[in-house]
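Below: one structure, written as structure tokens.
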Amino acid sequence: MKHNFGAGPCILPQIVFKEAAEAVVDFNGLSILEISHRSPEFVAVMEEAQELVKKALDVPQGYTVLFIQGGASLGFTIAALNMMRQTKKAGYINTGTWAKGAINEAKAVGFDVDIFASSEDKNFSYIPKGAAVPTDVDYIHYTSNNTIFGAQFHEIPDTNLPLVCDMSSDIFSRPVDVSKFDIIYAGAQKNLGPAGATLYIVKDEILGKSTSEFMPKYLNLKNHSDKGSMMNTPPVFSVYTAMLNLRDLIANGGVIAAEKRNQEKADELYGEIDRNPAFTGTVPVEDRSNMNITFLLEDDADKAAFDAAWHAAGIVGLKGHRSVGGYRASMYNALSIESVKVLSKVMRDFKTKKQ
Ligand SMILES: *Cc1c(COP(=O)(O)O)cnc(C)c1O
């Protein structure tokens, strides 16, 4: 039994892996991989997946749920193109690699981007606060969880302008007030399902309002919405597995219970990092992420010994992103508290051995 702390693609509940595997072999007599996406069986899967997203996040009336391909990386472009209005200016918060990716794509489609808040001065180790939010832009964009550097927004930025968020690495980990957003997008492969589908939760009002002259058919959210997310072949297996995962999430108390479990796991690991003189956290307490926990060894000379210790305990995926170094424990919904306790014990024992 391995304990998977990988950042993504990542762990899903074992029952979901099992049910998905069964459907690959036999889904009403055929494989889920060979059925027509236009068949009534798959249309029912797509509709249930969309309904379960709405149920899990308490999505209000007036929003559409879509599953599109291209990952969150294409979401950067799709969000910008679909939100383009009169000013062709957009306000972005720069909290690291993914936020920068989104900024670059907004520029690429012709926006003048106002980066009104940034944590670049300290290698993205915190969430910038208190910046004046621009008022003369088409929309504001931020990245709710900083997957690579381990900082997370615990408040939604305050603005009356249309708000767009990349929630790839913390969607379904906690409740969210969807009514504050015009577009939420998230690659499936962190808390939702296998890579392939990208989730969009879109306010109906914004559909078809883009002023962009460049608008390929596939990038226009209105076309996907008009066709019930079936404009072309959807990522069938990814949507099916996401549906299974959402059923499991809701059966286990939904996002409210998930948030509680995630808090308990985060408390367990941050507690050990703070207590143990061999380790230091990289993010100030108030900005710490409950999904991706980054930490360093106090003494780099301990690296080989610590790496051997966690490998021996069956832990995988703990190595920090190359741009930060150190360690990153990604603790998505499906990672159990037992796995977190295995890691915190390795850290505790490691310190004891050192003394
Ligand atoms: C993983 C990640 C992405 C990239 O997602 P792809 O689906 O691989 O394009 C973008 N944003 C955030 C916040 C991420 O965690």
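The values are calculated or read from the model by the stated rules, or taken from the named source; none is laboratory data. For clarity, every value in this text was computed on a predicted model and none was experimentally measured. Note that each Cβ is placed from the backbone with ideal geometry, even for glycine, and that neighbours are counted across all protein chains shown. To get the accessible areas, we keep the full protein, side chains included, count just its heavy atoms, and leave off ligands, DNA and RNA. Shrake-Rupley method; radii C 1.70, N 1.55, O 1.52, S 1.80 Å.
Using only the alpha carbon atoms of the chain, find the Kirkwood hydrodynamic radius as the inverse mean reciprocal pair distance, in angstroms to one decimal.
Values: mean 1/r = 0.0473 Å⁻¹.
Every distinct Cα pair counted, the radius reaches 21.1 Å.
Just to verify a number: what accessible area does Cys10 come out at with the full protein assembly present, 1.4 Å probe, Å² rounded to tens?
My reading of the accessible area for Cys10 is about 20 Å².
Compute from the Cα atoms of the range 261-338 the Rg and the Dmax, the latter being the longest Cα-Cα distance, and quote both in angstrom.
When restricted to the Cα atoms of the range 261-338, Rg and Dmax are 12.2, 34 Å.
With a 1.4 Å probe and every protein chain left in place, tell me how much accessible area Asp121 has, in Å² to the nearest 10.
We get 120 Å² for Asp121.
Expressed as an acute angle from 0 to 90° and rounded to the nearest 10, what is the orientation of the C-alpha long axis of helix 97-108 relative to the principal long axis of the chain?
30 degrees
Of Phe17, Phe237, Phe350, which has the most accessible area with a 1.4 Å probe, and how do the rest follow in descending order? Could the numbers behind the result be given before it?
Numbers: Phe17 90, Phe237 70, Phe350 20 Å².
Result, largest first: Phe17, Phe237, Phe350.
Please give me the summed charge of the neighbours of Tyr139: other residues whose Cβ is under 15 Å from its Cβ, Lys and Arg +1, Asp and Glu -1.
Details: positive: Arg85, Lys88, Lys89, Lys107, Lys180, Lys203, Lys209; negative: Glu105, Asp112, Asp114, Asp136, Asp138, Asp158, Asp166, Asp182, Glu205.
It works out to a net charge of -2.
By accessible area of protein heavy atoms, probe 1.4 Å, what ranking do His37, His311 get, highest first?
On the way: His37 35, His311 110 Å².
My answer, sorted largest first, is His311, His37.
What angle, in degrees between 0 and 90 and rounded to the nearest 10, separates the Cα long axis of helix 14-25 from the longest principal axis of the Cα atoms of the chain?
The two axes meet at around 50 degrees.
For the chain, which longest stretch is free of loop sites, where a loop site is one of the GluC sites (Glu not before Pro) that DSSP puts outside H, G, I, E and B and that has at most 14 other Cβ atoms within 10 Å?
Numbers: sites that count: Glu34, Glu155, Glu213, Glu298.
Value returned for the longest uninterrupted segment is 35-154.
Rounded to whole Å and ordered largest first, report the semi-axes of the equivalent ellipsoid of the range 168-293 derived from its Cα gyration tensor (root of 5λ).
Working: eigenvalues 241, 64, 37 Å².
Square roots of five times the eigenvalues give 35, 18, 14 Å.
Using helices alone, what [θ] at 222 nm do you get for the chain, with -39,500 (n - 2.57) per DSSP H run of 4 or more residues, divided over all residues and rounded to the nearest 500? Each step should come with its number before you reach the end.
Values: 9 runs with 127 residues, N = 355.
The helix contribution divided over the chain gives -11500 deg cm²/dmol.
Please list, in order along the range 168-179, the HN-Hα scalar couplings obtained from phi with the Karplus expression 6.51 cos²θ - 1.76 cosθ + 1.60 (θ = phi - 60°), rounded to whole Hz, x for Gly and Pro.
3, 9, 9, 5, 6, 8, 6, x, 9, 7, 4, 4
Of Ala195, Ala304, Ala257, which has the largest mean-square fluctuation in a 10 Å C-alpha GNM of the chain?
Greatest mean-square fluctuation among the candidates belongs to Ala304.
Mean separation of Cα pairs under 8 Å and 6+ residues apart, divided by the residue count of the range 254-354: what relative contact order is that in percent?
Details: 113 pairs, mean separation 34.3, N = 101.
Relative contact order of the range 254-354: 34 percent.
Largest first, what is the accessible-area ranking of Arg85, Arg348, Arg322, Arg38 with a 1.4 Å probe? Intermediate values should be presented prior to the final figure.
Details: Arg85 55, Arg348 95, Arg322 205, Arg38 130 Å².
So, going from the largest accessible area down, we get Arg322, Arg38, Arg348, Arg85.
Based on C-alpha coordinates, I'd like the Rg and Dmax of the range 138-231, in Å.
Rg, Dmax (Cα atoms, Å): 14.1, 38.
Helix 303-312 sits at what angle to the longest principal axis of the chain, using alpha carbons and giving 0 to 90 degrees rounded to 10?
70 degrees
Amide H to amide H under 5 Å from Asn292: which residues, 5+ apart in sequence or cross-chain, H placed 1.01 Å off N in plane?
Result for Asn292 returns Met331.
Hey, can you find the accessible area per residue of the range 157-289 for me, probe 1.4 Å, expressed in square angstrom? Write down the numbers at each step before the final one.
Numbers: 5190 Å² over 133 residues.
Accessible area per residue, the range 157-289: 39 Å².
About its Cα centre, how strong a charge dipole does the chain have in debye, to the nearest 20, once Lys and Arg get +1 and Asp and Glu get -1 at the Cβ? Let's see the in-between values first.
Details: 36 positive and 42 negative charges, 97 e Å.
I would put it at about 460 debye.
Using square roots of five times the C-alpha gyration tensor eigenvalues, list the equivalent-ellipsoid semi-axes of the range 70-205 in whole Å, biggest first.
Numbers: eigenvalues 79, 64, 42 Å².
After scaling each eigenvalue by five and taking roots: 20, 18, 15 Å.
Would you kindly find the accessible area of Tyr126, with a 1.4 Å probe and non-protein molecules such as ligands, DNA and RNA excluded, rounding to the nearest 10 Å²?
50 Å²
Kindly write out, for the range 276-281 in residue order, the coupling ³J(HN,Hα) from the Karplus curve 6.51 cos²θ - 1.76 cosθ + 1.60 (θ = phi - 60°), rounded to whole Hz, with x marking Gly and Pro.
9, x, 7, 10, 9, x
Under the classification rounded if a/c is under 1.5, otherwise prolate if a/b is larger than b/c and oblate if not, where does the range 160-214 fall, given a ≥ b ≥ c as square roots of the Cα gyration tensor eigenvalues? Display every interim value, and only then the final one.
Working: a/c = 2.82, a/b = 1.47, b/c = 1.92.
The shape class here is oblate.
May I ask you to evaluate 6.51 cos²θ - 1.76 cosθ + 1.60, the Karplus curve with θ = phi - 60°, for each residue of the range 203-217 and list the ³J(HN,Hα) values in order in whole Hz, giving x for glycine and proline?
6, 4, 3, 7, 5, x, 9, 5, 9, 5, 6, 8, 8, x, 3
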